[in-house]
1. Can you tell me which condition V173 does not meet? The list is (1) in contact with a Cys (Cβ under 8 Å, 6 or more places away or on another chain); (2) not in a helix (DSSP H, G or I), and all the others hold.
2. Going through region 69-103 one residue at a time, which ones are buried (at least 16 other Cβ atoms within 10 Å of the Cβ) and under 22 Å from Q155 (Cα atoms)?
3. Go through region 124-166 and give me each residue that's over 12 Å from H112 (Cβ atoms), in a loop (DSSP other than H, G, I, E, B) and either within 14 Å of the chain's Cα centre (by Cα) or not β-branched (V, I, T) (or both).
4. Give me the residue from region 44-68 that is without any contact (Cβ under 8 Å) to a residue 24 or more places away in the chain and under 20 Å from the mean Cα position of the chain (by Cα) and, out of that set, surrounded by the most Cβ atoms within 10 Å (Cβ to Cβ).
5. Is it the case that region 100-110 has a residue that's touching a residue at least 60 places away in the same chain (Cβ under 8 Å) and either within 27 Å of H61 (Cα to Cα) or acidic (D, E) (or both)?
6. Filtering region 119-146 down to residues that are surrounded by fewer than 17 Cβ atoms within 10 Å (Cβ to Cβ) and in contact with a Pro (Cβ under 6 Å, 6 or more places away or on another chain), which residue is modelled with the lowest pLDDT?
7. If only one of A48, A19 is in a helix (DSSP H, G or I), touching a strand residue (DSSP E or B) at 6+ places or on another chain (Cβ under 9 Å) and small (G, A, S), which one is it?
8. Of everything in region 1-22, what is farther than 16 Å from G53 by Cβ and in contact with a Pro (Cβ under 8 Å, 6 or more places away or on another chain)? Give them in sequence order.
Amino acid sequence: MARTRVAVLVSGRGSNLHALMAACAAPDYPAEIALVLSNNPDAPGLDAARDAGIPAQAIDHRPHGRDRAAHERQIDGALREAGIACVCLAGYMRLLTPLLTGTWTGRMLNIHPSLLPAFPGLHTHERALATGVKLHGCTVHLVTERVDDGPILGQAAVCVHPDDTPDSLAARVLEQEHRLYPLALRRHLEGARAEPLHEGVLLAV
C-alpha cells in the first residue's frame, strides 16, 4: 500500500507526535511520518523522532527576527525537498502566515484543545472552567489563514467534572487528543466519512 508522506511540526515535546508515530507503525495506516520539523532546536520532539529513525530538522525562527515569511520559506523548502504531501501541526507554537497556509491549503492539519468554535486561541481549559461548560474536548481541523477557524475534521469530547482544575481537565483532554489525531488523519487521507467511536470519543465531519 502506498502511504502518504506526512511531516509533523512541533515546538516542544510533541506528545501528539508520539501518538502519530505509534499509529504510523501499523502496516495498514495510510501515512508515514517522513519528516519532523521544529522552530526550536532544543525541542524534545526532535530527539523522539531521531530515536524512532525519522528524519528531524530544526529551522530556528530567531535568526529571522520578525520576518515570518522568510522563516516559512525555509520550512516550505524543507517540506518540498522531503516530498511531503500532508502536514500535521502538533504543538507548533507559531502563528502562520498566508505563505504556508495558502501553499498547504487542504493539506495541513492542526489539533486544538477545545471543541471549536468554542475557545479558539490559548488558555482553553481555564476559559472552559470559567464559562461553566459541561463538555470540553479537542478538535482536529484544516488550517486556514484565520487561527483555529478551518473546517473541522473531528472532535473528541470529555465531561467537565465539578472538581476539575485546568490541569486535571487538560490531562483528560490530552488523552483524547492522542486518540483523535491519528483517527482524524486517517479519515482525511482516506476520504472516508467519520464514524462515532466508543468510550465517549466522537468524530464528526
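1. (2)
2. Of everything in region 69-103, those that are buried (at least 16 other Cβ atoms within 10 Å of the Cβ) and under 22 Å from Q155 (Cα atoms) turn out to be C86, V87, C88, L89, A90, G91, Y92, T101.
3. Listed by number, the residues that qualify are G132, K134, T144, E145, R146, P151, H161, P162, D163, D164.
4. We begin by selecting, within region 44-68, every residue without any contact (Cβ under 8 Å) to a residue 24 or more places away in the chain; these are 47, 50-51, 53, 56-60, 62-67.
Filter again for under 20 Å from the mean Cα position of the chain (by Cα), leaving 47, 50, 56-60.
On the way: D47: 14, R50: 12, A56: 21, Q57: 17, A58: 14, I59: 19, D60: 13.
Top of the filtered list is A56.
5. First pass over region 100-110, keeping only residues touching a residue at least 60 places away in the same chain (Cβ under 8 Å): 109.
Applying the additional criterion that residues be either within 27 Å of H61 (Cα to Cα) or acidic (D, E) (or both) yields 109.
Yes - at least one qualifying residue is present in region 100-110.
6. Of everything passing the filter in region 119-146, E145 is modelled with the lowest pLDDT.
7. Working: A19 fails: touching a strand residue (DSSP E or B) at 6+ places or on another chain (Cβ under 9 Å).
That would be A48, the only listed residue that is in a helix (DSSP H, G or I), touching a strand residue (DSSP E or B) at 6+ places or on another chain (Cβ under 9 Å) and small (G, A, S).
8. Within region 1-22, the first condition is being farther than 16 Å from G53 by Cβ, and the residues that meet it are 1-2, 4, 9-13, 15-16, 19.
Residues satisfying the conditions are M1, T4, G12, R13, A19.
The values are calculated or read from the model by the stated rules, or taken from the named source; none is laboratory data. Only a predicted model underlies this, so the values are computations on that prediction, with no experimental measurement involved. Heads up, the Cβs are rebuilt from the backbone with ideal geometry, glycines too, and the neighbour counts pull from every protein chain shown.
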